[in-house]
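To start, the structure itself, in structure tokens.
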Amino acid sequence: GCGGEKMTDFNRLIRYLAYTLELLVLFMLQETPGLLPTIFGSRPLLVLPAVLTIALFEKELPAMIFGIVGGLLLDFGLSGVMGFHALILAVLCFLVSLLAQVYLQVNIVTAVFMGIWTAGIVICLQWVFLYYFRGYSLPGYAFMHHHLPKYFYTLLFFPLVYLLNKGLFQALQDPNAAP
């Protein structure tokens, strides 16, 4: 009935607000110098596991929008090309959402495997477009000693952020949806 639809819309709104708050908090943690220890001079991209695990639970359009928002935060924080990460994460979050709804059984294992290939794509594209094509010296050194540590450091956060987003999704899902 009408009451169920209102509850569904309210839960979705609260869930989207929670995701937005999560992105902002993770972005602040990621960007605060000295808060997280650096590994080989690299800090993790905490926004990355957030948007990619949100995409596991949400439909394509909201997943893509969160990808754009998270991407713009990364663009802003990494002072790269505005829209670079937003575009990549819009596409990846859309694909992850589609895969999760059609093919994947969403659990912590699939979240980690999804993180391995999606974070790999994002960090490799960062290196290619924001480092290699710009003609910086020693691109191989930069890849091995900066981008690779950042990749593995970021991967460590996928299980934790997955569990957070799974909890948010389950607590605030459609009350009429099948479990």
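Does Leu61 count as within 22 Å of Thr110 (Cβ to Cβ) and open to solvent by 50 Å² or more (accessible area, probe 1.4 Å)?
Numbers: within 22 Å of Thr110 (Cβ to Cβ): yes; open to solvent by 50 Å² or more (accessible area, probe 1.4 Å): yes.
Answer is yes for this residue.
Six or more apart or on different chains, Cβ atoms under 6 Å: show the pairs whose first residue is in segment 5-34 and in contact (Cβ under 8 Å) with a residue 60 or more places away in the chain and whose second is open to solvent by 70 Å² or more (accessible area, probe 1.4 Å).
Every condition considered, the pairs that remain are Met7/Pro175.
Select from segment 41-72 the residues that are part of a helix (DSSP H, G or I) and more than 11 Å from the chain's Cα centre (by Cα) and list them in ascending order. Let's see the steps before the verdict.
Pass one, segment 41-72, residues part of a helix (DSSP H, G or I): 47-57, 60-72.
Of everything in segment 41-72, those that are part of a helix (DSSP H, G or I) and more than 11 Å from the chain's Cα centre (by Cα) turn out to be Phe57, Glu60, Leu61, Pro62, Ile65, Leu72.
Which members of segment 86-101 meet the condition of being of a type in the set (S, T, N, Q) and open to solvent by less than 10 Å² (accessible area, probe 1.4 Å)?
Residue satisfying the conditions is Ser97 alone.
Surrounded by 15 or more Cβ atoms within 10 Å (Cβ to Cβ) and outside any helix (DSSP H, G or I), is that true of Leu104? Walk me through how you get there before you give the answer.
Working: surrounded by 15 or more Cβ atoms within 10 Å (Cβ to Cβ): yes; outside any helix (DSSP H, G or I): yes.
Yes: the conditions hold for Leu104.
Checking Ser97 against (1) touching a residue at least 40 places away in the same chain (Cβ under 8 Å); (2) closer than 20 Å to Leu156 by Cα; (3) assigned to a helix (DSSP H, G or I): exactly one of these is not met. Which one?
(2)
Is it the case, given these coordinates, that Pro62 is free of Cβ contacts under 8 Å to residues at least 40 places away in the same chain and touching a Lys or Arg at 6+ places or on another chain (Cβ under 9 Å)? Don't jump to the end; show me each part of the working.
Values: free of Cβ contacts under 8 Å to residues at least 40 places away in the same chain: no; touching a Lys or Arg at 6+ places or on another chain (Cβ under 9 Å): yes.
Answer is no for this residue.
Leu45 - would you say it is buried (at least 24 other Cβ atoms within 10 Å of the Cβ), farther than 25 Å from Leu172 by Cβ and touching a residue at least 24 places away in the same chain (Cβ under 8 Å)?
Numbers: buried (at least 24 other Cβ atoms within 10 Å of the Cβ): yes; farther than 25 Å from Leu172 by Cβ: yes; touching a residue at least 24 places away in the same chain (Cβ under 8 Å): yes.
The answer is yes for Leu45.
The values are calculated or read from the model by the stated rules, or taken from the named source; none is laboratory data. Bear in mind the structure is a predicted one, so any value in this text is a computation, not a measurement. Positions of Cβ are generated from backbone atoms using ideal geometry, with glycine treated the same way; all protein chains shown enter the neighbour counts. All accessible areas refer to the heavy atoms of the entire protein, side chains included, with ligands and DNA or RNA removed. Shrake-Rupley method; radii C 1.70, N 1.55, O 1.52, S 1.80 Å.
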